[in-house]
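Notes follow once the structure below has been shown.
The values are calculated or read from the model by the stated rules, or taken from the named source; none is laboratory data. For clarity, every value in this text was computed on a predicted model and none was experimentally measured. Areas reflect the complete protein model, heavy atoms only, side chains present, ligands, DNA and RNA absent. Shrake-Rupley method; radii C 1.70, N 1.55, O 1.52, S 1.80 Å.
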Amino acid sequence: MSPLNVSLADLIARLDAETPAADPLARISEAQLRNRTLTDLGDQLVDYYVGQARDAGASWSEIGEAIGVTKQAAQQRHTPNPFEGFTKLNRHTIVLAQEAARTYKHDTIGTEHLLLGLLGEPQGGAYRVLVARAGSERAVREAVEAVLPPAGPKALRGHIAFRPETTQAIGQASRAAAELGTGWVGTEHALLGLIRTPDSPAAHILQGLGFTPDGLLETVQAALAERPDEPEAPGA
């Protein structure tokens, strides 16, 4: 008996009962579909308890040992994708943020770089919200540039890491999208994520431009109601 109290004979009997008129080849296809479902459920089951272990303070080395893989394999497989559900335009703003950090010779990506990324994507809803409030793109850019850290000695090549508050803002963007029920994470949600990371440079910049968390939420809700199918929605 398996730990789930499900045997191969049970699975075969159920598939046969549910597909009485199917030929053997059709049943292979159905079995493959169920195999994928079982695999997905198993992965989700492990992910759930990995999350609990991480919350309890377990290291990736300990989790890897419990799963029977290396630390690196466990971390790569079970670390959630921070950009899950992000639209193409919003993913592009992340790339622009990295390039902004590189341009200013910074060794990490801060929330101020994310704000510059949003400003670099004029098709995004966040761009329209920012410019409507500040009066011009230049006004927003100057507000960001006023708080940028000093330039480093040279521009980094390759990947540039996020600061902790930047990772927090990205997570807040996903939570804002879930709260608004859009099913995707657009640039407007990224803007909400920034202002909901209260001690970040971007939050201070947005407040200086006259935004408040509640006020920005109302603005985003109105913008989404007017343009629910704007170009940054998935599949566009």
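Carbon-plus-sulfur accessible fraction, the range 165-221 (probe radius 1.4 Å, protein heavy atoms only): 50%. Where does the Debye-calculated log10 I(q)/I(0) of the chain sit at q = 0.09, 0.11, 0.12 Å⁻¹, using only Cα point scatterers of equal weight, no solvent? The calculated log intensity ratios at q = 0.09, 0.11, 0.12 Å⁻¹ are -0.54, -0.72, -0.80.
Compared with the rule-of-thumb size 2.2 N^0.38 Å for a compact globular protein, the range 88-221 has a Cα radius of gyration ratio of 0.97.
Counting only protein heavy atoms and using a 1.4 Å probe, the accessible area of residue 184 comes to about 30 Å². For the chain, adding -39500 (n - 2.57) for each run of n ≥ 4 DSSP H residues and dividing by the number of residues yields -20000 deg cm²/dmol at 222 nm. How big is Rg to Rh over the range 1-132, alpha-carbon atoms, Rh as the Kirkwood inverse-mean-distance radius? For the range 1-132, the value is 1.19. Heavy-atom accessible surface of the chain, averaged per residue, reaches 58 Å², computed with a 1.4 Å probe.
Rolling a 1.4 Å probe across all protein chains gives residue 71 an accessible area of roughly 90 Å². With contacts taken as Cα pairs under 8 Å at a separation of at least 6 residues, the chain carries a relative contact order of 18 percent. Residue 218 contributes an accessible area of around 120 Å² to the protein surface, as traced by a 1.4 Å probe with all chains present. Ranked from largest to smallest solvent-accessible area, with a 1.4 Å probe on the protein heavy atoms, 46, 140 come out as 46, 140. For the chain, modelled as a GNM whose springs connect Cα atoms under 10 angstrom apart, the maximal fluctuation among 82, 153, 201 occurs at 153.
Between 29, 61, 200, the residue with the greatest mean-square fluctuation in the GNM of the chain (Cα pairs under 10 Å linked by springs) is 29.
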